[in-house]
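Have a look at the structure below before the remarks.
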Amino acid sequence: MIFSKKINQFFAIVTAQSLVKAAEKINVTPSALRHGLNELESQVGKSLLKRSKQGMVLTPAGKMLYDKLYPYYEKIKNIEKQFTEKSGNKIPLNIKLDGFHYPDLKNKILSIKMKNSHYDISLTEGIIDDIENELADTQFDLVISSLDFAYINTHIQSINLCTQKIGLLSHKDLLNKHKNMYLFFEKETLIQRTNTLQNPIFLSILNKLKEHDYRYHTLGLTEMSDVLHFVNEGAGYCFIPENSDFISSITNKNIHYLRSPFPFDIFLHQKVYFKKENNKNLEKIAMQLI
């Protein structure tokens, strides 16, 4: 890598127009990518990227830097390609997630990708309603979901991953505004990724809230980084699975995580599904997700 890591990260964000997508592309976490961008902006003394409805876009200073560096960046990347061995024998490994944000799981998949260079791993997120169809020959190798599927196909195997409690992330000012959680849910906005709001598991959570006379209204955003940004700005709250490492990285004196915001507990029971008969050693890969 002839260009500095921070410059490469900068170009990755510009190309993807998203911290999350850029992070997946270059195999780092979104928080590490944000940290690298902050360091680069501190070095040049100017803001280079900003959020917009279209995603991450260049500021005037960022565009100036991009325009000046890009011709050299493109030439150097081409030179690097000439000195890098190409591998055309990678095994495709297609993984599908159910649309929930599992930070620990994403990190484990990233670790698998780094340790198993012979796999070409692709990650897809979306609604999963028929596990047998998802694991059909033309679909996915591994399917990860918190739904408990009933299936008659004896060629499908599942492994329990972990159980995580659902908690609430909010700015302390929102929590202090209301006398009780009923008023909190009624007055404030539940902000989640659009994929999550459409997830059958999440819909069951919302139905359970209705059964206990909670009123709520929702806002769907594309990226989890955008959800966290809105929460940090005090624009609403979100539900996330409890993960100590992830929670500690996003909470501070202003952003609080409530482990038990309801008079009842909600748990996610993650499982990974795959076909028993395969030529990709899927059981070994699945065990690395535990």
- Task: Would you mind stating whether K21 is of a type outside the set (A, V, I, L, M) and either outside any helix (DSSP H, G or I) or assigned by the TED database to the domain that holds H229 (or both)?
- Result: no
- Pick from the range 149-169 the residues that are open to solvent by 80 Å² or more (accessible area, probe 1.4 Å) and modelled with pLDDT under 90: which of them is nearest to the chain's Cα centre (by Cα)? A150
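Pick out, from the range 209-280, the strands (runs of 3 or more DSSP E) lying fully within it that include 2 or more residues that are open to solvent by less than 70 Å² (accessible area, probe 1.4 Å) and charged (D, E, K, R).
267-275
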- Query: Can you find even one residue in the range 104-124 that is hydrophobic (A, V, I, L, M, F, W, C) and part of a loop (DSSP other than H, G, I, E, B)?
  - Reply: no
- Query: Do we find that I13 is under 21 Å from the mean Cα position of the chain (by Cα) and farther than 13 Å from G62 by Cα in this structure?
  - Reply: no
- Message: Every residue in the range 108-148 that is open to solvent by less than 30 Å² (accessible area, probe 1.4 Å) and over 22 Å from N279 (Cα atoms), please.
- Response: G126, I128, S145, S146
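Just a yes or no: is a residue in the range 125-136 part of a strand (DSSP E or B), modelled with pLDDT of 80 or more and within 30 Å of S4 (Cβ to Cβ)? It would help to see each step written out before you state the result.
Initial filter on the range 125-136 (part of a strand (DSSP E or B)): 125.
From what is left, the residues that are modelled with pLDDT of 80 or more are 125.
Going one step further and asking which of them are within 30 Å of S4 (Cβ to Cβ), we end up with none.
Scanning the range 125-136 turns up no residue that is part of a strand (DSSP E or B), modelled with pLDDT of 80 or more and within 30 Å of S4 (Cβ to Cβ).
The values are calculated or read from the model by the stated rules, or taken from the named source; none is laboratory data. Owing to the predicted nature of the structure, the values given are computational and were not obtained by experimental measurement. A quick note on method: Cβ atoms are made from the backbone with ideal geometry, for glycine too, and the neighbour counts reach across all protein chains shown. These area figures cover heavy atoms from the full protein model, side chains too; ligands, DNA and RNA do not enter into them. Shrake-Rupley method; radii C 1.70, N 1.55, O 1.52, S 1.80 Å.
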